[in-house]
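The values are calculated or read from the model by the stated rules, or taken from the named source; none is laboratory data. Here the structure is a predicted model, which means the values were calculated and not measured. Cβ sites come from the backbone with ideal geometry, for glycine too, and all protein chains shown count toward neighbours.
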Amino acid sequence: MSLAQFDERNPSTIVVVFAAADTTTFKNVKTGATAGSRVDDILLSNSGVAARNVELRITYGATLGIIGSVTVPPGAGYAGVPAVSAGATLLPTLHAGWLLASLSILAAHVTVTMGAAEEVHLTAFGGDF
């Protein structure tokens, strides 16, 4: 028996950029496709000089579920400093990403407004079933 039924049929990479003008507003990262979706991992980078916290949540209709918060150190993802894996921080061992039911929404925000030249980049890897 093949495990192909557990693989994404339409893989995707999604990049969301948070800047000072976004303040602390949540931005949608991925909406679950009709047959469902999975986000395998999320990498976070920070161009600023201060650590930033990125909070992740999933909404399904009126139901809101906070996944957790990830601290992204200054310079993460730049000049040889590795980006931070949200999966390594928030997922249980051997868990294969976040599953999204049809029309559920994975969203994120930076918890404190950043300086004018600072950015946090979120890169999500996954796909639709």
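Has region 117-129 got at least one residue that is without any contact (Cβ under 8 Å) to a residue 12 or more places away in the chain, of a type outside the set (S, T, N, Q) and touching a Lys or Arg at 6+ places or on another chain (Cβ under 7 Å)?
no
Which residues, taken from region 1-15, are closer than 15 Å to residue 100 by Cβ and either modelled with pLDDT of 95 or more or in a strand (DSSP E or B) (or both)?
10, 11, 12, 14
Residue 42 - would you say it is assigned to a strand (DSSP E or B) and without any contact (Cβ under 8 Å) to a residue 40 or more places away in the chain?
Criteria not met by residue 42.
What number of residues within region 104-126 satisfy the criterion of being in a loop (DSSP other than H, G, I, E, B), more than 18 Å from residue 47 (Cα to Cα) and not polar (S, T, N, Q)?
Total meeting the criteria: 0.
Go through (1) of a type in the set (S, T, N, Q); (2) closer than 21 Å to residue 23 by Cα; (3) surrounded by 14 or more Cβ atoms within 10 Å (Cβ to Cβ); (4) more than 11 Å from the chain's Cα centre (by Cα) one by one and return the number of the condition residue 123 breaks.
The one condition residue 123 does not meet is (4).
Go through 107, 101, 79 for me and flag whichever is in contact (Cβ under 8 Å) with a residue 60 or more places away in the chain and loosely packed, with under 15 Cβ neighbours inside 10 Å.
Checking each option against the conditions leaves just 101.
What are the residues in region 72-115 that are within 20 Å of residue 8 (Cα to Cα) and aromatic (Phe, Trp, Tyr), if any?
Correct list: 98 only.
Filtering region 18-39 down to residues that are surrounded by fewer than 12 Cβ atoms within 10 Å (Cβ to Cβ) and either of a type in the set (S, T, N, Q) or assigned to a strand (DSSP E or B) (or both), which residue is farthest from the chain's Cα centre (by Cα)?
Filtering first and then ranking leaves 34.
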